[in-house]
1. So which residues in the range 412-422 are surrounded by fewer than 19 Cβ atoms within 10 Å (Cβ to Cβ) and closer than 20 Å to LEU351 by Cβ, if there are any at all?
2. Taking THR567, is it more than 32 Å from the chain's Cα centre (by Cα), more than 25 Å from VAL528 (Cα to Cα) and of a type in the set (Val, Ile, Thr)?
3. Please state which of the following conditions PHE266 fails to meet, knowing it meets all the rest: (1) within 20 Å of the chain's Cα centre (by Cα); (2) open to solvent by 20 Å² or more (accessible area, probe 1.4 Å); (3) under 29 Å from TYR642 (Cα atoms).
4. Got a sec? Which of SER551, SER620 is polar (S, T, N, Q) and closer than 29 Å to ASP488 by Cα?
5. Within the range 603-636, can you find the residues that are open to solvent by 50 Å² or more (accessible area, probe 1.4 Å) and not in a loop (DSSP other than H, G, I, E, B)?
6. Report, by residue number, each residue of the range 310-325 that is surrounded by 18 or more Cβ atoms within 10 Å (Cβ to Cβ) and either of a type outside the set (Ser, Thr, Tyr) or over 13 Å from the mean Cα position of the chain (by Cα) (or both).
7. For TRP285, are the conditions met, namely being open to solvent by less than 50 Å² (accessible area, probe 1.4 Å), more than 21 Å from ASP198 (Cβ to Cβ) and in a helix (DSSP H, G or I)?
8. Which one of these does ALA446 not meet: (1) farther than 30 Å from ALA543 by Cα; (2) touching a Ser or Thr at 6+ places or on another chain (Cβ under 9 Å); (3) open to solvent by 10 Å² or more (accessible area, probe 1.4 Å)?
Amino acid sequence: MKYQERLCIIFMRDNGPRRSFRVRRGRFFLLMAFFACLPLVCGGLGWQAWRLWQENTALRESVLRFESDYQTAQATAERLENLEELLREEGVQGRELVLRKLASAEQAETPPPAAGGETAPVPAPEGAAAMGEGPGHEEFPAIDTGYVKVGNVQARALRGSKLRIALDLRNTDNQKLASGTVQAAVVTADGQTQETADPYAKAAGVNGQRSMVINLKKAEPEGWDKDQEKLPKAPAPVVWEVHVGDFSHDPQSGVSEENRGKYKAFSEKDTCLDGNTGNPTCMSWLKWLGITHVQILPMYDYGSVDETGKKLQYNWGYDPINYFVPEGSYATDPYHGEVRVRECREMIRALHRAGIRVIMDVVYNHTFSIDSVFQKTVPYYFYRQEADGSFSDGSACGNDTASERRMYRRYMIDCICYWAKEYHVDGFRFDLMGLHDTETMNEIRAALDRLPGGKEILMYGEPWAAGKTAIQPGYEQALKCNAALLSDRIGFFNDDIRDSIKGSVFEVKETGFVNGAKGLETQIRSSVLGFCDGAGGYQPSSAQQSVSYVSAHDNYTLWDKLVHTLTDSMEPDFGAYNEAALAQNRLAAGIYFTCLGIPFLQAGEEAARTKYGDDNSYRSEAKVNQLDWSRMHEYRDLAEFY
């Protein structure tokens, strides 16, 4: 049989009479042509499918962007409606807010002042198109700042006591503001126009003077979406308090030089003293020590340190500027807002991977200065004032904020929930909580409880104030004496336990139970009960409200206090080995770890940390404040006891 005939038999089914060779050959070539064209047809169909998939992906992304923009617009509208209502209710005059875009940090300079020292008014460009729509909203033209022409600004008319604002975050080319864009706000209030930042800004330029647009998703470290999944069920907390810089400033910390004092120090693995893996430092030390929570001193954007790093500065950071933004001096690059966001998250991720939860130290009771974003936006609304018009000073910082006012209360709640959701923070410590009202604190607790896993988030604070504050009548302060008015899951530092064990923090030579005072057995018994017996003149709702401790960042370290009370000298040798102080230290730890409630210790207390008698080191040299890792291992036996 010929070759072609055999092929035809393979490719054709022929049950009829035998066909001619010519017919069979024709069908053979037809089939060959079909198979030859098949890849081209499949390729064409595949290309069409790929195009449809790309178009579908683009459409889906557009829908997601629209939904995100819509949700943002709704949230903004809700805040502004609340603001309008609050201003009307509380008799605050309307303000005019204008948001402007600056194309880059280089252009973000202060506008040239007009005659009289005020910022020059912003004229509308000739022929600019009207923007904005919706019930009750008039149309206004785009704004020309005199520097950068933008069309992302919409100022609303003021009608009586009402404030109407609309923001359209697009530039003159009708494009969204790019991540990294620097923003400023021009606010007209009481006849004066000045520039300020956005109170809700999520990122900022260096030193936090101007807000920055940021894509939070792109500032996520690898595996951020699954960060909290690996955390074990919340254990009974043991809290270890540390400053970001103190953790690794010491050259012997084992951390690379470029990351010392930075967020990234927490991400370095297997750090040790002098290359000896048997002497762990930093994260390796925390894993060995076995604490469950790390409380970090202020890591929001604060104003007392120059983030440019032109000179080495140190501060605890209790002077907030931008509440939603991480501090830039702890980042490897303070100029680009996304860097501090990513590196702060990396620090938290590193702690979580070690099975350790993170508590954030927050300061809402005052701001860095009265020249704040709050005062520039709505003057005098956010701060308490005395009858003579002066600012209330219960914080000893010159400007008590007014948590009882609904707008600031809402701001506090929004900010706390933001850090919990976007930074996976596991707890909050409130500075001078006694200045806030109990209603606000309880509403914050309720807002956290509504978050996924929110009931496991810790919440506690200082139940005192530095002085009398001008809180509005009808509100109760979150003081220790008002513990019963707070949720039983809002804790407070129990200074009665602290002072019963080691003596007053205000009288350096005053002793407590462990260092020689007589007749304190009853107080120690009450301490072990978390003062739930009412012996302190207040009644905790539960033992978990009581935070038991003997040292924190304030005042003397435990070691320095004990050394002071062992001698009459006002200048004892804090660095010397002292067997009596070691014994008292062990006894103090044994008592407060036995107390009902949450045990809390200052970083390094477990290894005889000294600040060489500096009882207020908030702006002392880094060398005074840093953990001395050589000393930590010199007193390893004491740490073993902890």
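1. TYR418, LYS421, GLU422 - these are the residues of the range 412-422 that are surrounded by fewer than 19 Cβ atoms within 10 Å (Cβ to Cβ) and closer than 20 Å to LEU351 by Cβ.
2. So THR567 passes the test.
3. PHE266 satisfies every listed condition except (2).
4. Only one candidate qualifies: SER551.
5. Scanning the range 603-636 gives LYS623, GLU634.
6. Across the range 310-325, the qualifying residues are TYR314, ASN315, TRP316, GLY317, TYR318, ASP319, PRO320, ILE321, ASN322, PHE324, VAL325.
7. yes
8. (1)
The values are calculated or read from the model by the stated rules, or taken from the named source; none is laboratory data. Keep in mind the model is a prediction, meaning the values are calculated, not measured. Glycine gets a Cβ as well: all are built from the backbone with ideal geometry, and neighbour counts include every protein chain shown. For the accessible areas, the whole protein counts, side chains as well, though only heavy atoms, and no ligand, DNA or RNA atoms are used. Shrake-Rupley method; radii C 1.70, N 1.55, O 1.52, S 1.80 Å.
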